[in-house]
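Report on one structure; see the data block that follows.
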Amino acid sequence: MTNPDKPSSALTGLRPTRRQLLAGAAAMGGTLAATSFSSRSARAADRIPLKLMSWEQFQPGEKEGWNAVLDKFNQSQDKYLVEWTGWPASQYVSNVVIQAQAGGIDADILMAMPDLSAQVIRKFQLAEPLDDVVKALGITPSGGHEFLRKDGQLYGLSAIDVNFALIYNKALLEKAGVKPATTPEEWIETTAKLTSRPDQFGIALTNVIADSGEWWFQLQNFCLPFDGKWAEGKTPLANSPEVVKGLELWKSLYEAGVPQGTAQSAIMKLAADGRVAQAFGVNPTVVVLRATNPDIYPDLLSAAPPWASRRSLDRIHPLIALKGKNSDGAKEFIKFVMSPDVMADLMITNLYVMPPYDLAAKSEKFAAFLADKPWVTGFNEAKQVSPIDVMGDFAFADDQFGRIIMQNFQSALRPGGSVKTAMDGAQRQLEALATRL
């Protein structure tokens, strides 16, 4: 429901305008304030600028925590000055790939989604190894980091680790006299019971092509309900029985209780207003809902994905030090972020519940934080699988793969539309894409 792979508005922390600075100088006594301002500017000018490319500066409920990290780093030393660059999540991957294809990424530190990470490390070979950072901190990265290794070296450390679960509003389920579903069939039935259009919707599923990044982020899971994969090596499996059944499940949920044809931002507002009973999303979904309407937060709980395997995609979003003249500074920033005190504060502020390493053993504060989060149950019960494991060689063309699936899947959502026919069309296009990998 929300993608940290999840866009929104606003930029970095508020800064004083020139008018405010001048007013402050007058109030303090002109010359002294002006001199102080000049010296601060000079000190900033003496620092080596570091660009952190991300989408997090646009994330409601998360940007504040990240801005605090940047401020702490900038105040902790006087050699580097790290600043944001980037785009909202829906535009992020395509823009970064365009730069990489042109020969380099205009940043020093990159935050990346799993598929983008794989491309930057293996295809474009723009990353610096971080084994020395791991050794200096004495940490053990979580098992999900394996896809970030190449030739025995580690090229990324998780900044955000999210997996999918069924998030639900317990007040709405109790009112309807239903419990979280445990099978696909129950899920469809429960969703229908929780729907009373236009006042209440049973489930939030992104469903318009304008939100394609968000849509694919969520839809990508639906190869899992019947133990399918999107691809094996360079062979796409879009029209395999397992994938077709998974997308038919999605279509049934769409028909039973989705705000159809509604933008992602509007769906999130409905959920925050208590008008959507369920979502299939990642834990930052809870963060965004809390930020939008804190009153709804106590009613949010989660359950494992409602299918037999309980598998859901686990998306590690690493910080990557990019090759270049500032790679040492990039590593210094990553080491700072990964230090237990800083990481614990970030995770507590942003409600991140899946640490990148053995953080609970190194931070009593984080261990106490985890102990009081009843809504994490479903995320912990889900069995994690990396998107890399279900995409085959298309992990390096995930964005293109997703667009082909969504563009064809749209036809199946029309009255009388067939998922199998739609995926047959997608399969042909994906086979053509395979020849260009």
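Quick grid of which residues meet (1) open to solvent by less than 40 Å² (accessible area, probe 1.4 Å); (2) of a type outside the set (A, V, I, L, M, F, W, C):
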residue: Asp345; (1), (2): no, yes
residue: Lys362; (1), (2): no, yes
residue: Asn380; (1), (2): no, yes
residue: Gly402; (1), (2): yes, yes
residue: Met406; (1), (2): yes, no
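Is it the case that the stretch 347-355 has a residue that's touching a strand residue (DSSP E or B) at 6+ places or on another chain (Cβ under 6 Å), part of a helix (DSSP H, G or I) and of a type outside the set (Ser, Thr, Tyr)? Taking every residue of the stretch 347-355 in turn, none turns out to be touching a strand residue (DSSP E or B) at 6+ places or on another chain (Cβ under 6 Å), part of a helix (DSSP H, G or I) and of a type outside the set (Ser, Thr, Tyr). The condition of being crowded, with 19+ Cβ neighbours inside 10 Å and within 14 Å of Ser142 (Cβ to Cβ) holds for Asp314. Looking across the stretch 420-437, the residues that are assigned to a helix (DSSP H, G or I), under 16 Å from Ala397 (Cα atoms) and polar (S, T, N, Q) come down to Gln427, Gln429. Out of all the residues in the stretch 173-183, is one or more touching a strand residue (DSSP E or B) at 6+ places or on another chain (Cβ under 9 Å), under 23 Å from Leu437 (Cα atoms), assigned to a helix (DSSP H, G or I) and not basic (Lys, Arg)? Scanning the stretch 173-183 turns up no residue that is touching a strand residue (DSSP E or B) at 6+ places or on another chain (Cβ under 9 Å), under 23 Å from Leu437 (Cα atoms), assigned to a helix (DSSP H, G or I) and not basic (Lys, Arg).
In the set (1) assigned to a helix (DSSP H, G or I); (2) open to solvent by 20 Å² or more (accessible area, probe 1.4 Å), the condition left unmet by Phe226 is number (1). All told, Ala344 falls short of being assigned to a helix (DSSP H, G or I), out of contact with any His (no Cβ under 6 Å at 6 or more places or on another chain) and more than 24 Å from Val133 (Cβ to Cβ).
Okay, residues lined up against (1) on the phi < 0 side of the Ramachandran plot; (2) in contact with a Pro (Cβ under 8 Å, 6 or more places away or on another chain); (3) crowded, with 20+ Cβ neighbours inside 10 Å:
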position: Trp87; (1), (2), (3): yes, no, no
position: Ser90; (1), (2), (3): yes, yes, yes
position: Ala102; (1), (2), (3): yes, no, no
position: Asp106; (1), (2), (3): yes, no, no
position: Met113; (1), (2), (3): yes, no, yes
position: Lys123; (1), (2), (3): yes, no, no
position: Val134; (1), (2), (3): yes, yes, no
position: Arg149; (1), (2), (3): yes, no, no
position: Val162; (1), (2), (3): yes, yes, yes
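Those helices (runs of 4 or more DSSP H) of the stretch 368-419 in which 3 or more residues are modelled with pLDDT of 95 or more occupy 398-412. Looking across the stretch 269-292, the residues that are within 21 Å of Arg197 (Cβ to Cβ) and surrounded by fewer than 24 Cβ atoms within 10 Å (Cβ to Cβ) come down to Lys269, Leu270, Ala272, Asp273, Gly274, Arg275.
Of everything listed in (1) more than 30 Å from Asp372 (Cβ to Cβ); (2) over 18 Å from the mean Cα position of the chain (by Cα), the single unmet condition for Trp307 is (1). Filtered by the rule that a residue be within 27 Å of Ile160 (Cα to Cα) and at pLDDT 95 or above, the stretch 252-268 gives Ala263, Ala266, Ile267.
The values are calculated or read from the model by the stated rules, or taken from the named source; none is laboratory data. A quick note: this is a predicted structure, and the numbers were derived from the prediction, not measured. Because the Cβ atoms are built from the backbone with ideal geometry, glycine has one as well, and the counts that use them run over all protein chains shown. Accessible surface areas use protein heavy atoms only, side chains included; no ligands, DNA or RNA. Shrake-Rupley method; radii C 1.70, N 1.55, O 1.52, S 1.80 Å.
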